[in-house]
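Participant: One structure is given below, represented as structure tokens, and several questions about it will come after.
Just so you know, all these numbers are worked out from the coordinates, no wet-lab data involved. What you are looking at is a predicted structure, and each value in this text was computed from that prediction instead of being measured. Counting neighbours? That spans all protein chains shown, and the Cβs are built from the backbone with ideal geometry, glycine included.
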Amino acid sequence: MMQSIHSKLRSYYSQLNEVTEKLDQDQLLVASELTPFQKSIAKDMVKSGLLEDMDERVYATHDVPIDDMLMRQLILGQGIYTGDTALYLWELSENFPYTIEMAVRMGYQAPSRRYPDWTQNVQFKQVREPRLSEDVREISVPDTTRKIQVYSPERVLVEMVKSPDHDIEAIKFGFNQYLKSSQKDLGTLLEVAERLNVLEKIQSLVGILL
């Protein structure tokens, strides 16, 4: 009997340690990544006020501000930041994206009723494969080991030029920032431009700005 109790206690503290380590690393827990017992520990921590339950998908601490971009991807389970949102994340735009742009698979139905806080002011753009999965990069989120998925600087700049309602000043600013940044990769930029059928436009624009 005592041996059984000790075994259960060892299991409990082992699981508790794993939960604590995850929180130390990321300041949050993702429900789908937890064992059933770890999830019950997380729910107990919510009841005691140590964690906040984010739509039963993520449990977050109160120690650091929540990164909305990360939380949205974790709660929705998909979506790649694109357009003006990606430009802002790559520091290629000074304008904060009050409307969030996300690329999603064809046929995706936004769960607006279930997750209103995370679908409000979000423009979902359905993209076919393989283009949906091309040019995806990751940006690290401070104070966590997590990363958000976003289209590459080259992809968003090329798509901005390709767009029929593009803003000339935004294009100039974005390209100027890109061309003087350490992330500049003209080979990749031209490869993406060729794939999206705007190679001549990009070559002309880069030639003028350089």
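Participant: Could you give the distance between the Cα centres of region 149-187 and region 62-124, to the whole Å?
Facilitator: Rounded to whole Å, the Cα centres lie 19 Å apart.
Participant: Any idea which of M69, Q149, Q126 is furthest toward the positive side of the dipole for the chain, if Lys and Arg beta-carbons carry +1 and Asp and Glu beta-carbons -1?
Facilitator: The listed residue farthest towards the positive side: Q126.
Participant: Hey, another quick one. If you project the alpha carbons of the chain onto the principal axes, what extent comes out on each, in Å, largest first?
Facilitator: 79, 36, 29
Participant: Put a dot 7 Å past each Cα toward the Cβ at S14 and Q183; how far apart are the dots in nm?
Facilitator: If labels sit at Q183 and S14, their model points lie 4.2 nm apart.
Participant: At a 10 Å Cβ-Cβ cut-off, how would you order T85, T188, T145, T119, fewest neighbours first?
Facilitator: Ordered by Cβ neighbours within 10 Å, fewest first: T145, T188, T119, T85.
Participant: What nm distance separates the two modelled labels at Y98 and D117, each placed 7 Å from Cα along Cα→Cβ?
Facilitator: Going from the Y98 label point to the D117 one covers 2.2 nm.
Participant: Let me ask something else about it. On full extension of the chain, what length is gained from Q203 through D63, given 0.36 nm per residue of separation minus the C-alpha to C-alpha distance?
Facilitator: Full-extension gain reported as 45.7 nm.
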